[in-house]
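Novice: This is the structure I have questions about; it appears just below.
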Amino acid sequence: MSLISEGASAAIAGRLVVDGVSVSVAAGSLTALIGPNGAGKSTLIRVLSGVQQPTAGRVLYDGLDWNATPRRDRARLAALVEQDSVTELAITVREVVALGRTPYTRLLGGETDTDRFAIEDALEATNTAIFRDRDLGTLSGGERQRVQLARALAQQPSLLLLDEPTNHLDIAAQLEVMSTLRMLATDGIAVLTALHDLNLAAQADQVVVLADGRVVAAGTPDTVLTSELIGEVYGVAATVLTHPVSGAPVIAFAARPTQG
């Protein structure tokens, strides 16, 4: 199974933000979506998740029109983790994670054993079980981000879409999230995540680069993450090295000298 967008476009307040984007996210793969601020990454993820309708083009899941798929069915297939969300509601971490089971619950139905197992597995996978009974509002931004990932995992999705899931996290937690995403992809889930950190993106199977709402490059990290492309898209000088253990690209940055 795979998620495919064919020439998808989207606008916000009448302004074209995503412009004719065609991408494919295959089951069992980890895809990193990168690009500078304002490139359209968040909007594209919302379009791919079905939260936002494309103004042109279409999105297909397993060959079927994704936007014509009933919302409940979409919720069972796909989970979306947006950037850090804040709520004033008094709600515990476990209650947030349990919301991931909503697509499977019936009206007036309580938690089943399947629900409980899924919730516990999600808490353990994200190392959030240790504060399961705490109020969400008492957590740090990074901790809340991990809770939102746990909620998505509780859905047991076939497709996982994430918008900057490593925001607010320290280095160890960032690597832990990437390791979790890799594990999920290995288990057969199609994973697409927007990232700011190009060195984290280099750990993906595929990298898609957005600039001004358009795809300017897509492929494996070693073919996409070049000094030339990084300089053109981000406006910085970049030296691409090779990690001595993993063999993945490692990018070192420097500001471009100003013209005198």
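Novice: Quote the FRET efficiency, to the nearest 0.05, computed for Glu6 versus Thr138 with a Förster distance R0 of 35 Å and r equal to the Cβ-Cβ distance.
Specialist: It comes out at approximately 0.20.
Novice: Considering only Ala98, Ala56, Leu33, whose Cα is most displaced toward the positive end of the charge dipole of segment 2-254, charges sitting on Cβ of Lys, Arg (+1) and Asp, Glu (-1)?
Specialist: After comparing all options, I get Ala56.
Novice: To the nearest 10 degrees, how steep is helix 171-186 against the longest Cα principal axis of the chain, on a 0 to 90 scale?
Specialist: Between helix and principal axis, roughly 80 degrees.
Novice: Please report, to one decimal in angstroms, the Kirkwood hydrodynamic radius of segment 2-254 built from all distinct Cα-Cα pairs.
Specialist: Answer for segment 2-254: a Kirkwood hydrodynamic radius of 18.8 Å.
Novice: Ratio of segment 45-152's C-alpha Rg to 2.2 N^0.38 Å, to two decimals?
Specialist: 1.18
Novice: Using the count of nearby Cβ atoms within 10 Å as a rough guide to exposure, how do Leu77, Leu225 rank from fewest to most?
Specialist: With the sparsest Cβ surroundings first, the list reads Leu77, Leu225.
Novice: Can you sort Ser5, Ser42, Ser246 so the residue with the fewest Cβ neighbours within 10 Å comes first?
Specialist: Ser246, Ser42, Ser5
Novice: Still on this model: Can you sort Ile4, Ile230 so the residue with the fewest Cβ neighbours within 10 Å comes first?
Specialist: Ile4, Ile230
Taken together, the values in this text are just the output of simple stated rules run on the coordinates, not laboratory data. Since the model is a prediction, treat every value here as computed from it, not as a measurement. Cβ: placed from backbone, ideal geometry, glycine included. Neighbour counts: every protein chain shown.
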